[in-house]
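A short write-up of the structure that comes next.
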Amino acid sequence: MALLIALLIIASLTAFSLGLVLFTQSETQLNGTMASQSQAYYAALAGLEEARSRLNPLAADAIVTLPQQVNQVLYLVNSSYHHPVKPTEASSPYFDYEYAEEFPGGFASAQVLTSVASDQPGAGTSYVIPYKWVRITLETEYASKIDVDQDGVLNSTTPINWDGAHQYLCTSPPCTYPVYMLTALAVEPNGIKKMLQEEVVATPLSFSLVPAGGVETAGSATLTGLSGRLYHSANLTLDGMDGCKVHNVPGVAAGSRIATSGLSKISGSPSPEVQNLVSFPQTAADILQSLAPQATPILDADPKQVTLAPGGGSLNGTNVALGQPPGPSSPGQPVVVYADRSLSISGSTSTGYGILMVDGDLSITGGFNYWGLIVSTGKVTLDLNSRGSIQILGSLISAGNVSINSSASPRTSLDLNYDSCVVSNVVTYAFQSLPLKVRSFKQLSF
């Protein structure tokens, strides 16, 4: 009897142990599957992000040739010698079966553009993020399953465009901004696949900036030129007569009082100066809200010459280079720069081209040659010492008081000349440099 009981106990323990082992193996396999699914999901997402960044025409690795018609398709492939990726070949393990579901006729009706290779870190090696391809096409009603014009028919031949507020079918060019469909496939070594899709569009230019003056301030403006009878010509010039000959503005426009002393030359139209303005076309805060989130932090724009002041409450820059101004044989290279606190610029050789935005006070002393738009949410001080000169071609916009002083020496000059083309060019550049916006995102079942 004791032997029989012992055998029953041993059999029960054996069955329990076997069940526990099988349960543990099942949990391990399930956890492995979930981990692979998660890795494939984020790999496909990485592919979408690479494609979205390279659709920006200002990116260093921008994709040059993009689909222009709905039957054109471009693949960004993440291929290697051991795992060639051929999404249009039915015999390939990475064949794009989904394309025929979105574009009638499939590849037989498609114009396949020359593939572009991925340039992400590790591309072509075993260490690469394992997405296989990203398909780039123009969006249609049929592909997105959205009846944009509400006519009851999913159009498959006309691309969808975006005007900044609405989608519409572009039936007759010129159109606004094409909507691109990005579809990414990722495959894990164990065969688990994920396919993600998003619709992206360029950031529309949200405003056409025409400042109220060459110098525009919501506060007061204090202008101090050379004093005394020894000087016969002014070394402080504020000119609102448009250098691009499109739209003249006052030399200085202020929301409060304008005080002028010494020798200065202020010109503009319909008058050289306008004070006590009630409203402005765009405020400094509006511009920062639109552009600052995607601008280059000033500590990254010129890390060698810009430093945090002791305590970290402000920034100091000496002989900074915030973009390359145009020259006789160079179109220049604009940069959209953002300082998230007060900024002081000094030295004799500071230069820049683009948009300089300061969330705080801005002080410029000494030499400064800048093409573009300068925006500050605080007070602005331009002060010439006995060296250098300040030359600004474009416009300056401030939410605080502006103080401009060129009285230290007749051997220096402070000139701000309004130019609508320079302002328009750098604002357009700023919006073109923004990444494409994601308008929708989904995971596909296949």
*Could you list, in sequence order, the residues of the stretch 256-270 that are within 20 Å of Asp242 (Cβ to Cβ) and surrounded by fewer than 13 Cβ atoms within 10 Å (Cβ to Cβ)?*
Pro270
*Within the stretch 423-432, track down each residue that is under 8 Å from the mean Cα position of the chain (by Cα) and farther than 28 Å from Ala143 by Cβ.*
Ala430
*Can you name every residue in the stretch 288-309 that is closer than 23 Å to Ser348 by Cα and part of a loop (DSSP other than H, G, I, E, B)?*
Asp302, Pro303, Lys304, Gln305, Ala309
_Looking at the stretch 360-377, I want the residues that are free of Cβ contacts under 8 Å to residues at least 60 places away in the same chain and crowded, with 24+ Cβ neighbours inside 10 Å and have a partner that is polar (S, T, N, Q) and not in a loop (DSSP other than H, G, I, E, B) with Cβ atoms under 6 Å, at least 6 apart or on another chain. Which pairs are those?_
Leu362/Ser376; Phe368/Ser350
*Could you list, in sequence order, all residues of the stretch 87-103 that are assigned to a loop (DSSP other than H, G, I, E, B), in contact (Cβ under 8 Å) with a residue 40 or more places away in the chain and either surrounded by 14 or more Cβ atoms within 10 Å (Cβ to Cβ) or outside the structural domain of Thr158 (by TED's automatic domain parsing) (or both)?*
Pro87, Tyr94, Asp96, Glu98, Phe103
_Going by what's in this entry, would Gly152 be described as at positive phi, surrounded by fewer than 18 Cβ atoms within 10 Å (Cβ to Cβ), without any contact (Cβ under 8 Å) to a residue 40 or more places away in the chain and of a type outside the set (S, T, N, Q)?_
yes
_Hits in the stretch 402-417 (condition: polar (S, T, N, Q) and over 30 Å from the mean Cα position of the chain (by Cα))_ = Ser403, Asn405, Ser406, Ser407, Ser409, Thr412, Ser413
*Of the conditions (1) free of Cβ contacts under 8 Å to residues at least 12 places away in the same chain; (2) surrounded by 19 or more Cβ atoms within 10 Å (Cβ to Cβ), Gly106 clears all except one; give me its number.*
(2)
_Count of the stretch 387-446 residues which are assigned by TED's automatic domain parsing to the domain that holds Gly225, among the charged types (D, E, K, R) and not in a loop (DSSP other than H, G, I, E, B)_ = 1
_Tell me yes or no: at least one residue of the stretch 349-357 is under 27 Å from Gly327 (Cα atoms), modelled with pLDDT of 95 or more and of a type in the set (Phe, Trp, Tyr)._
yes
*Starting from residues that are aliphatic (A, V, I, L, M) and without any contact (Cβ under 8 Å) to a residue 60 or more places away in the chain, keep the ones in the stretch 59-86 and report whichever is nearest to Tyr142 (Cα to Cα).*
Val77
*Counting residues that are under 30 Å from Gln69 (Cβ atoms) and not β-branched (Val, Ile, Thr), which strands (runs of 3 or more DSSP E) fully inside the stretch 167-272 reach at least 1?*
167-169, 180-187, 193-201
*In the stretch 76-108, the residues that are hydroxyl-bearing (Ser, Thr, Tyr) and touching a Phe, Trp or Tyr at 6+ places or on another chain (Cβ under 7 Å)*: Thr88, Tyr94, Tyr97, Tyr99
*Would you pick out the residues in the stretch 359-386 that are in a strand (DSSP E or B), under 23 Å from the mean Cα position of the chain (by Cα) and among the small types (Gly, Ala, Ser)?*
Gly372, Ser376
*Taking the stretch 399-446 as the search range and keeping residues that are charged (D, E, K, R) and under 24 Å from Val336 (Cβ atoms), which one is modelled with the highest pLDDT?*
Asp419
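Here's the yes/no breakdown for (1) over 22 Å from the mean Cα position of the chain (by Cα); (2) modelled with pLDDT under 95:
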| position | (1), (2) |
| --- | --- |
| Pro121 | no, yes |
| Thr125 | yes, yes |
| Asp149 | yes, yes |
| Trp162 | no, yes |
| Thr176 | no, yes |
| Met181 | no, no |
| Gly191 | yes, yes |
| Thr203 | no, yes |
| Leu209 | no, yes |
*From the list Asn316, Asn276, which one is assigned by TED's automatic domain parsing to the domain that holds Leu414, under 30 Å from Leu226 (Cβ atoms) and either part of a loop (DSSP other than H, G, I, E, B) or among the hydroxyl-bearing types (Ser, Thr, Tyr) (or both)?*
Asn276
*asked:* If I filter the stretch 324-358 down to residues being among the hydroxyl-bearing types (Ser, Thr, Tyr) and part of a strand (DSSP E or B), which single residue comes out as surrounded by the fewest Cβ atoms within 10 Å (Cβ to Cβ)?
replied: Ser330
*When you go through (1) surrounded by fewer than 20 Cβ atoms within 10 Å (Cβ to Cβ); (2) over 23 Å from the mean Cα position of the chain (by Cα); (3) at pLDDT 95 or above one by one for Ile392, which number turns out not to apply?*
(1)
_Looking at the stretch 119-130, can you tell me whether even one residue there is closer than 30 Å to Thr158 by Cα and not basic (Lys, Arg)?_
no
*Name, by its number, the condition in (1) surrounded by 18 or more Cβ atoms within 10 Å (Cβ to Cβ); (2) outside any strand (DSSP E or B) that does not hold for Arg135.*
(2)
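The values are calculated or read from the model by the stated rules, or taken from the named source; none is laboratory data. None of the values given here were measured: they were computed from a predicted structure. Backbone-built Cβ (ideal geometry, glycine too); neighbour counts: all protein chains shown.
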